[in-house]
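The values are calculated or read from the model by the stated rules, or taken from the named source; none is laboratory data. None of the values given here were measured: they were computed from a predicted structure. Quick reminder, even Gly has a Cβ in these numbers, built from the backbone with ideal geometry, and neighbours come from all protein chains shown. The accessibility values were calculated without ligands, DNA or RNA, using every heavy atom of the protein model including side chains. Shrake-Rupley method; radii C 1.70, N 1.55, O 1.52, S 1.80 Å.
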Amino acid sequence: FASYYGNHMVLQKKPSGAVVWGYGELGAVVTVTLSGAGGLIVMEKTAQVKGPSGTWTTVLDPVDQGGPYALTAEQGLENMTLRDIYFGDVWLCSGQSNMAMTVLQVANASQELAMASHYPYVRVFAAAPARSDVELEDLEWIDLPWSIPTAAENLGHGNFTYFSAVCWLLGRSLYEALGSPIGLVEVAWGGTPIEAWSSRRVLQACGLPEHMGREAPQSSLWHGACFNLKPALCSAPALSLALSSSTSPHQHLSGPQTPSVLWNAMIHPLLNMTLRGIAWYQGEANAFLNTDQYNCTFPALIADWRWAFHAGSAGQTELLLPFGFVQLSTFRRRSADDSFARLRWHQTADLGVVPNARMPSTFMAVAMDLGDEHSPYGSIHPRDKQNVAHRLLLGARAVAYGDKDLVFQGPYPTRAILEVTRGLLNVTYSQELICRQRDAQAFEVCCSSQASPCQWLLAPVVAVGSRTVTLALSGCRRLVLGLRYAWAEWPCEYQACPLYNPQGLPAPPFL
């Protein structure tokens, strides 16, 4: 079998067929047998080992959720058997350090860890950080082989190692909602930009260079210890970066920057897997690197990963694979820099909400109200991952599982009408509004005789109706050419943004 098959794993249930693959002697025939209780054979498949990689692949017939099963691969007199296998839904979780944060690091960590043993049918796997200049067929290292969740050994193993809190909390919640076994595959590396996770196809589509400088070789100490993004513990290798501005290389660009190296080493080896969905938490690094290309690179990565997993799994992973992501939270409270705001906007392909025409079958967890200035891991790493996972869960249930009656996103403006004589702007929203911060300085208008450069002035809230917000334009004596909301690195005070819906979901930022 490929290196990441193992006991306790979860394979994708019907209507898709799970793909099984591995290695053998060139030209040999491998027999794959799936057995149920008492050794009863459920199905048998054969596959031939082909070159030049010496691999075999077979697609199992679709299997209902449940287990346990045993899976045996046999070649001549040699055989290998994997046990305690369940069929359910398999989700891939990827990104940078906020995805890599472990359950040990989140709010109420001891309570979360104590609950782990109640979820033996949520199985976890974590690839080790690795990079390559060429596309690999198999993972080089594994941090966590397929495992039943335990508090100390895997969910609470350490800081920024394994297992991902966002991934675990989402998977646990999916299990509670669906009652189906859940397989979680973590593939994350802190401080990494989207370019490193992108294939050459993505870079070419967005007009980015395929080589943005070469990184110095990393020692094994750097490879392991510096994954935790603690600058005091690390000595970053020399980087040659194509930055989108004059910003100096930042401590949060501490992982590999070279284009495609993580795609090659950590994603490409997994393409044969049959998946049910993807969860992505990344973008902080791109607030310092190629920020304004993210409105191309992110939609292009989504489309490319979908195509690649669909092709790699012989069509078993659906072509519009559900893809959920976390919109950036916060970093510096009083920063005048708008790179986080721009990146949040670009995460939606500059359309404000998802799913949209450029990003179909996607869902987003807004996180700008979950700032954590006193996080011991730095303010860029908020500890409230429970709300993040809950918002992802709502999107997954609505987009991936078709719950049409579920409200999974916050209110968004549908129109804005000027009352010139009264100096007011009436903004109508798509949902009922709950105002938590009436005096927050969240709305701004572009008050200028020309669209660029724009002079942005605060527009105080003077009234909030059921679905409308009325803004005062007293400071604007010119044309009002634009409107924006929550356009700041840290836009919400005291963990509360101005506008929510009755379900507690925040209105996302817009421009």
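Figure the gain on full extension for VAL464 and SER379 (residue separation times 0.36 nm, minus the Cα-Cα span) and round it to one decimal in nm.
Value of the extension gain: 27.4 nm.
What part of the accessible area of segment 413-500, given as a whole %, is carbon or sulfur when the probe is 1.4 angstrom?
The nonpolar share, carbon plus sulfur, comes to 50 percent.
Give a residue-ordered list of calculated ³J(HN,Hα) values for segment 330-347 (Karplus: 6.51 cos²θ - 1.76 cosθ + 1.60, θ = phi - 60°; whole Hz; x for Gly, Pro).
So the Karplus estimates, Gly and Pro as x, are 9, 9, 10, 4, 10, 6, 8, 6, 9, 5, 5, 5, 5, 5, 4, 5, 5, 4 Hz.
Working from the alpha-carbon coordinates of segment 10-85, get Rg over Rh, Rh being the Kirkwood radius.
Numbers: Rg = 12.5 Å, Rh = 12.8 Å.
Radius of gyration relative to Kirkwood radius: 0.98.
Helix 385-395 sits at what angle to the longest principal axis of the chain, using alpha carbons and giving 0 to 90 degrees rounded to 10?
Roughly 80 degrees between the two axes.
Could you tell me the calculated FRET efficiency between HIS390 and ASP292, based on Cβ-Cβ distance and R0 = 41 angstrom, to the nearest 0.05?
0.85
Which three numbers, in whole Å and largest first, are the semi-axes of the equivalent ellipsoid of the chain derived from its Cα gyration tensor as √(5λ)?
Here the semi-axes work out to 43, 25, 21 Å.
Which trypsin sites (Lys or Arg not before Pro) does segment 339-425 hold that lie in a coil by DSSP with at most 10 other beta carbons within 10 Å?
Those satisfying the criteria are LYS404.
Among all the lysines, which ones have a C-alpha under 29 Å from LYS404's C-alpha, if same-chain residues fewer than 8 places away are not counted?
List returned: LYS13, LYS14, LYS385.
Which angle from 0 to 90°, rounded to the nearest 10, does the C-alpha axis of helix 294-312 make with the longest principal axis of the chain?
20 degrees
Between segment 144-159 and segment 459-511, how many Å separate their Cα centres?
Segment 144-159 and segment 459-511 have Cα centres spaced 42 Å from each other.
So how far, in whole Å, is the C-alpha centre of segment 408-440 from the one of segment 3-64?
Centre-to-centre (Cα) distance: 55 Å.
How high is the FRET efficiency between GLU210 and GLU44 when r is their beta carbon distance and R₀ equals 56 Å, given to the nearest 0.05?
0.80
Just from its helices, what would the mean residue ellipticity at 222 nm be for the chain, if runs of 4 or more DSSP H residues each count -39500 (n - 2.57) and the sum is divided by every residue, rounded to the nearest 500 deg cm²/dmol?
-4000 deg cm²/dmol
Name the long-range amide H neighbours of TYR23: under 5 Å, sequence gap of 5 or more, or other chain; modelled H, no Pro or chain starts.
ALA2, TRP56
Using a 10 angstrom Cβ neighbour count of at most 14 plus a DSSP loop assignment to flag exposed chymotrypsin sites (Phe, Trp or Tyr not before Pro), which longest range of the chain is free of such sites?
After excluding every exposed loop site, the longest remaining stretch is 142-493.
Helix 165-178 sits at what angle to the longest principal axis of the chain, using alpha carbons and giving 0 to 90 degrees rounded to 10?
Tilt of helix 165-178: around 80 degrees.
Hey, rough spin-label estimate for ASP138 and GLU153, points 7 angstrom out along Cα→Cβ, what's it come to in nanometres?
Those two pseudo-labels are separated by 2.4 nm.
Whole Å is fine, so just give me how far the alpha carbon centre of segment 260-301 lies from that of segment 313-341.
Centre-to-centre (Cα) distance: 9 Å.
Once R0 is set to 25 Å, what does the formula 1/(1 + (r/R0)^6) return for the Cβ-Cβ distance between ASN356 and LEU479, expressed as a FRET efficiency to the nearest 0.05?
Working: r = 28 Å, r/R0 = 1.13.
After rounding, the FRET efficiency stands at 0.35.
At CYS454 and SER335, where each label point lies 7 Å from the Cα along Cα→Cβ, what is the point-to-point distance in nanometres?
Going by the 7 Å Cα→Cβ label model, 2.0 nm.
At MET115 and LEU511, where each label point lies 7 Å from the Cα along Cα→Cβ, what is the point-to-point distance in nanometres?
3.7 nm
Can you compute the charge dipole magnitude of the chain about its Cα centre, using +1 on each Lys and Arg Cβ and -1 on each Asp and Glu Cβ, nothing else charged? Give it in debye, rounded to the nearest 20.
Charge dipole, the chain, about its Cα centre: 1380 debye, nearest 20.
Considering only protein heavy atoms, what per residue accessible area in square angstrom results for segment 10-85 with a 1.4 angstrom probe?
With all protein chains present, segment 10-85 gives 51 Å² per residue.
Given H placed 1.01 Å from N in the peptide plane, which residues other than close sequence neighbours of LEU499 have an amide H under 5 Å from its amide H?
Those qualifying (amide H under 5 Å, at least 5 residues apart or on another chain) are ARG436, ALA507.
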